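Single-structure report; data block below.
The values are calculated or read from the model by the stated rules, or taken from the named source; none is laboratory data. Keep in mind that this is a model prediction, so the values were computed, not measured. Every residue, glycine among them, receives a Cβ derived from its backbone with ideal geometry; neighbour counts consider all protein chains shown.
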Ligand SMILES: Cc1cc2nc3c(=O)[nH]c(=O)nc-3n(C[C@H](O)[C@H](O)[C@H](O)COP(=O)(O)O)c2cc1C
């Protein structure tokens, strides 16, 4: 899957535009109106909680003391979603195995489970399982471009068959009472753009919101997301529209709102590359400015995530598979280190490490080396400018 963007557009911050404070999806209030996109192999329970925690921002001075479990009341990330899950697989699995796929913790609410498949009855059964498991929303994937999914008519494969989509919508709608949403692409290709009729169909069938990744199936992850189609969908329906595609910064998020008037924004690839993005958006909403992470922030962030992975991999973690924490760390490193100075060296040392513990050591030694190297020229410059401070000019020691 493509992890980078083709010639991304640098948006200027539009004047006076903010990401909405909330959006109501059926009975669920998503506040703020930001969504972590479902990403297979990425948005498991550890990553979702990590992002929700990394997104905490409060304009009040004691926000640093928030140590309790983070809910969407405190986090800049309003809604999280599972990776897509096969409806056929869920229907076939034993209950214990299902739990593994649908694991989430109390502090993940509100949370949506995403399903894919093409059989209306099976999708309806799977949606019932999702509801019984305690998810707040169920989402249908009509966007996945992967061949193995499309070849079974799932994901974006269904975009070529609106009548079948209608049958699925009605079957799932009748099966559950929790809000039901759909995430789709523009259409199969440029000759077959169906986003507006599809959104109208969703509304007619009682779905509670739509998310549009503004690319066709044929585009995959290449080229630009074509946001004007999100605006067309916004004009065509009254249910909430969640805009998705190429949001990398708070500027992009506000530009997407300004250009499409969509009700919420969804962030995918930027989240593992810049896990502060939701916090930055929240800070911008509250104060009109936002902070960029320091090297120390990056160190803390990568360490926190890796420690969470190791904790989840411990055999007594509830519902956990014997997760390959070291493998996940390596995968995350390939996303994250692209923003880090000297990231190639960090990536190399993480790939070469043999265990989770060794990876943590590699991370610590990388950042302490970076900190020393960054401090050296500073100290040198300071020493040259100010060789021997007079006793009354000695710096005050600040504790803590
Ligand atoms: C690694 C990866 C896995 C993805 N898995 C899913 C998925 O399971 N379900 C889904 O609806 N979209 C999936 N997507 C698409 C994203 O949810 C999102 O629509 C897309 O990346 C565009 O948003 P972005 O430009 O913010 O990344 C995936 C994308 C990536 C990069």
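Here are 88, 68, 62: which of them is at pLDDT below 95 and either within 30 Å of residue 124 (Cα to Cα) or in a strand (DSSP E or B) (or both)? Full working, then the answer.
On the way: 68 fails: either within 30 Å of residue 124 (Cα to Cα) or in a strand (DSSP E or B) (or both); 62 fails: either within 30 Å of residue 124 (Cα to Cα) or in a strand (DSSP E or B) (or both).
Step by step, each of 88, 68, 62 is checked, and only 88 is at pLDDT below 95 and either within 30 Å of residue 124 (Cα to Cα) or in a strand (DSSP E or B) (or both).
Could you list, in sequence order, the residues of the stretch 206-223 that are more than 9 Å from the ligand (Cβ to nearest atom) and over 16 Å from residue 263 (Cβ atoms)?
206, 216, 217, 218, 219, 220, 222, 223
Taking the stretch 151-175, which residues are more than 16 Å from residue 212 (Cα to Cα) and crowded, with 19+ Cβ neighbours inside 10 Å?
Listed by number, the residues that qualify are 154, 168, 169, 172, 175.
Restricting attention to the stretch 176-197, report how many residues are out of contact with any helix residue (DSSP H, G or I) (no Cβ under 9 Å at 6 or more places or on another chain) and within 16 Å of the ligand (Cβ to nearest atom).
Filtering the stretch 176-197 for residues out of contact with any helix residue (DSSP H, G or I) (no Cβ under 9 Å at 6 or more places or on another chain) gives 179, 183, 189-191.
Next, from what is left, pick out any that are within 16 Å of the ligand (Cβ to nearest atom): 183.
Residues meeting the conditions: 1.
Report whether or not residue 233 is in a helix (DSSP H, G or I), buried (at least 20 other Cβ atoms within 10 Å of the Cβ) and at pLDDT below 95.
Working: in a helix (DSSP H, G or I): yes; buried (at least 20 other Cβ atoms within 10 Å of the Cβ): yes; at pLDDT below 95: no.
The answer is no for residue 233.
Can you find a residue that is in a loop (DSSP other than H, G, I, E, B), closer than 23 Å to residue 25 by Cβ and away from the ligand (no atom under 13 Å from the Cβ) anywhere in the stretch 198-205?
First pass over the stretch 198-205, keeping only residues in a loop (DSSP other than H, G, I, E, B): 205.
Filter once more, so that each one left must be closer than 23 Å to residue 25 by Cβ: 205.
Next, from what is left, pick out any that are away from the ligand (no atom under 13 Å from the Cβ): 205.
Looking through the stretch 198-205, at least one residue is in a loop (DSSP other than H, G, I, E, B), closer than 23 Å to residue 25 by Cβ and away from the ligand (no atom under 13 Å from the Cβ).
For the stretch 124-141: of the residues being over 18 Å from the mean Cα position of the chain (by Cα) and either within 13 Å of the ligand (Cβ to nearest atom) or within 17 Å of residue 208 (Cα to Cα) (or both), which is surrounded by the most Cβ atoms within 10 Å (Cβ to Cβ)? Walk me through it before giving the result.
So the first thing to find is which residues in the stretch 124-141 are over 18 Å from the mean Cα position of the chain (by Cα), and the list is 124-134.
Then drop every residue that is not either within 13 Å of the ligand (Cβ to nearest atom) or within 17 Å of residue 208 (Cα to Cα) (or both), which leaves 124, 127-128, 130-131.
Details: 124: 20, 127: 27, 128: 16, 130: 29, 131: 18.
That would be 130.
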